[in-house]
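Engineer: Structure in structure tokens, see below.
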Amino acid sequence: MLKIKKILIQIENNIDAVIAQNTSLGVDLWHLLMAQHHADIAMLVNKLDLERQVELFQKFAKDLSIKVFRKLAQPQQAELLVHIDLEHAALILKNMPADELTDLFDYLSDENLEKYLKLLQSKQRSQILSMLSFNPRSAGGRMNSDVITLQKEFTVRTSVELLQRLGPGKAVMQRMYVTNKDNILVGYVTLDKLVLSKPETPLASIMSPNEVIVFVDEDQEDVANQMHHYGLLYVPVVDKHHHFLGVITADDVFEIIKEEGSEDVYRMFGLLPADHSYFNTPLWKSIWQRGVWLIGLLVLQSFSSLILSSYSTLINKYTIIAVFLTMLIGTGGNAGNQSATLVVRGLTTKEMTRRNAFRVLLREFGISIIMALILVVVGFARVHMSGYDLLSSFVISFSLFLIVVTSMFLGALIPLVLERFDIDPAHSAAPFLATLMDILGVLIYCYICSKFLG
């Protein structure tokens, strides 16, 4: 990989000579570029300015330009598409799967969308228009409809001949889905069965039932979880009448997991999920994504100030309360975040479900008691060694015990409650839980101090 990066850097530094091929160095680097994998060439194209991207694309062979184009991010694809000639654009578009075209068209203006739709074949164009009506985060928005299906009335010979004729322009998978004459999904047959069966064998006698069928409006994350649970590389997508519409593959699942993981990270740190990459997100949208949560947390955090102000007389009288306030609140927030993170991950991997939720809470409560006792010993020693009396050390330690137990229990409880109401449990982590525990921690601390020291 390091060698490839060095080659790409050398080509990038001499890109004008490579495009013009007017020097021996330019010619040599061009041949070197053509020897690279199309994914690496796409990485080079990604670093160039738009003018040089267009010039380079015009020099690529047809097959290479299609492969490189498909490896680019959709915003970059859209920008490049409108700057290359229509003939080249038509070639690329006609060789892209319908699901990839749907994603690409989201980045085109209405005017350009209409122009490029006219370049596509009428059948492919109707596929795109129908897919654009699906929620992009649903199975319909993710599926690949450019797949070959077989009819159960076919024989093995007929099926193989069909694959030989249509295979080069379609996605031929290890698993071929079988429908009836009304396009209703009835099962699947694997390629090895087609190869090993006798030519006159009807498909109906060798096909297998589908382990999992997903409906077009199912959420993409649910689909990915089902495929992972059953260990499937492909899953068929149907409408409510079981008409076959397309297929979701393992590659799609990889993309879904990556997107959902990114969304969880955004939510865990108080951000609205981003639709595009960092540099492709408009400035105003970045401000909105962050500002909504920050404003909400600011308002919520103000309750801590109200609690402290109501105990201002006690705090002014006993300075020890202010001295150890941040230690107790910080410890509670950290403990709560640990529990929340473990539960969120457990819900994501399906290790924790609604069935074993009570067991999870019971286990976390037991752990919180033990952890709180350990922290109490450390906290008591810390306060007493600072020169405070036994009563003050006890009050701080007892407050710490209650705060840690409460934080860890709520850290486990809140994600389970959110999941019960079909809300992403990632919302419960980091800033939200930390702010909530700040408020509860201040309330518990001030209340205990008022009772013992008041």
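The values are calculated or read from the model by the stated rules, or taken from the named source; none is laboratory data. Here the structure is a predicted model, which is why all the values come from computation and not from measurement. Every residue, glycine as well, gets a Cβ built from its backbone with ideal geometry; the counts of neighbours run over all protein chains shown. When the accessible area is computed, the model is the full protein with side chains, heavy atoms only, and any ligands, DNA or RNA have been set aside. Shrake-Rupley method; radii C 1.70, N 1.55, O 1.52, S 1.80 Å.
Engineer: Answer yes or no: is there a residue in the stretch 349-369 that is surrounded by 13 or more Cβ atoms within 10 Å (Cβ to Cβ), closer than 20 Å to Tyr447 by Cα and over 28 Å from the mean Cα position of the chain (by Cα).
Structural biologist: No: zero hits.
Engineer: Go through the residues of the stretch 9-17 one by one and say whether even a single one is under 30 Å from Ser145 (Cα atoms), at pLDDT 85 or above and not small (Gly, Ala, Ser).
Structural biologist: Let us first name the residues in the stretch 9-17 that are under 30 Å from Ser145 (Cα atoms), namely none.
Looking for residues that are under 30 Å from Ser145 (Cα atoms), at pLDDT 85 or above and not small (Gly, Ala, Ser), one finds none in the stretch 9-17, hence no.
Engineer: Quick one: in the stretch 69-90, of everything that is among the aliphatic types (A, V, I, L, M) and touching a Leu at 6+ places or on another chain (Cβ under 9 Å), which residue is nearest to Ile148 (Cα to Cα)?
Structural biologist: Here is the first cut: in the stretch 69-90, the ones among the aliphatic types (A, V, I, L, M) are 72-73, 78, 80-82, 84, 86, 89-90.
Add one more test, that the residue is touching a Leu at 6+ places or on another chain (Cβ under 9 Å), and what stays is 72, 78, 80-82, 86, 89-90.
On the way: Leu72: 26, Ala78: 28, Leu80: 31, Leu81: 28, Val82: 31, Leu86: 29, Ala89: 25, Ala90: 23 Å.
Per the criteria, the residue is Ala90.
Engineer: Select, from Val405, Val442, the only residue that is open to solvent by less than 30 Å² (accessible area, probe 1.4 Å), closer than 16 Å to Thr331 by Cβ and at pLDDT below 95.
Structural biologist: On the way: Val405 fails: at pLDDT below 95.
Residue meeting the stated conditions: Val442.
Engineer: On the basis of being within 30 Å of Leu245 (Cβ to Cβ) and either open to solvent by less than 80 Å² (accessible area, probe 1.4 Å) or among the hydrophobic types (A, V, I, L, M, F, W, C) (or both), does Ala89 make the cut? First the steps, then the outcome.
Structural biologist: Working: within 30 Å of Leu245 (Cβ to Cβ): yes; either open to solvent by less than 80 Å² (accessible area, probe 1.4 Å) or among the hydrophobic types (A, V, I, L, M, F, W, C) (or both): yes.
Against the criterion (within 30 Å of Leu245 (Cβ to Cβ) and either open to solvent by less than 80 Å² (accessible area, probe 1.4 Å) or among the hydrophobic types (A, V, I, L, M, F, W, C) (or both)), Ala89 qualifies.
Engineer: Then there is this: For Leu347, state whether it is closer than 23 Å to Val404 by Cα and in contact (Cβ under 8 Å) with a residue 24 or more places away in the chain. Spell out the reasoning first.
Structural biologist: Numbers: closer than 23 Å to Val404 by Cα: yes; in contact (Cβ under 8 Å) with a residue 24 or more places away in the chain: yes.
For Leu347, the condition - closer than 23 Å to Val404 by Cα and in contact (Cβ under 8 Å) with a residue 24 or more places away in the chain - is met.
Engineer: I would also like to ask the following. For the stretch 349-399, what are the residues that are in a loop (DSSP other than H, G, I, E, B) and either within 30 Å of His228 (Cα to Cα) or modelled with pLDDT of 95 or more (or both)? Reasoning before the result, please.
Structural biologist: Of all residues in the stretch 349-399, those in a loop (DSSP other than H, G, I, E, B) come to 349-356, 386-389.
Once the filter is applied, which keeps residues that are in a loop (DSSP other than H, G, I, E, B) and either within 30 Å of His228 (Cα to Cα) or modelled with pLDDT of 95 or more (or both), the stretch 349-399 yields Thr349, Lys350, Glu351, Met352, Thr353, Arg354, Arg355, Asn356.
Engineer: Let me ask something else about it. Against the definition (farther than 30 Å from Ala139 by Cβ, free of Cβ contacts under 8 Å to residues at least 60 places away in the same chain and loosely packed, with under 14 Cβ neighbours inside 10 Å), how does Asp40 come out, yes or no?
Structural biologist: When the stated conditions are applied, Asp40 does not pass them.
Engineer: For the stretch 363-385, check the following and say yes or no: at least one residue is without any contact (Cβ under 8 Å) to a residue 24 or more places away in the chain and under 30 Å from Val292 (Cα atoms).
Structural biologist: No, every residue in the stretch 363-385 fails to be without any contact (Cβ under 8 Å) to a residue 24 or more places away in the chain and under 30 Å from Val292 (Cα atoms).
Engineer: Which one is farthest from the chain's Cα centre (by Cα) among residues in the stretch 211-221 that are open to solvent by 30 Å² or more (accessible area, probe 1.4 Å) and not β-branched (Val, Ile, Thr)?
Structural biologist: First, pick out the residues of the stretch 211-221 that are open to solvent by 30 Å² or more (accessible area, probe 1.4 Å): 211, 213, 215, 217-219, 221.
From the residues that got through so far, the ones that are not β-branched (Val, Ile, Thr) too are 211, 215, 217-219, 221.
Numbers: Glu211: 25, Phe215: 20, Asp217: 18, Glu218: 16, Asp219: 12, Glu221: 9 Å.
By that ranking, first place goes to Glu211.
Engineer: Somewhere in the stretch 299-315, is a residue open to solvent by 20 Å² or more (accessible area, probe 1.4 Å), polar (S, T, N, Q) and modelled with pLDDT under 75?
Structural biologist: no
Condition check ((1) in a loop (DSSP other than H, G, I, E, B); (2) at pLDDT below 85; (3) at negative phi) across all residues:
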position	(1), (2), (3)
Glu153	yes, yes, yes
Thr158	no, yes, yes
Leu166	no, yes, yes
Tyr177	no, no, yes
Asp182	yes, yes, yes
Leu185	no, no, yes
Tyr188	no, no, yes
Leu194	no, no, yes
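Engineer: I would also like to ask the following. Out of all the residues in the stretch 95-105, which are assigned to a loop (DSSP other than H, G, I, E, B) and open to solvent by less than 10 Å² (accessible area, probe 1.4 Å)? Show your work before the answer.
Structural biologist: Narrowing the stretch 95-105 to residues assigned to a loop (DSSP other than H, G, I, E, B): 95-97.
Within the stretch 95-105, Met96 is the sole residue that qualifies.
Engineer: Of the residues in the stretch 196-233, how many are assigned to a helix (DSSP H, G or I), without any contact (Cβ under 8 Å) to a residue 12 or more places away in the chain and not charged (D, E, K, R)?
Structural biologist: Within the stretch 196-233, residues that are assigned to a helix (DSSP H, G or I), without any contact (Cβ under 8 Å) to a residue 12 or more places away in the chain and not charged (D, E, K, R) number 2.
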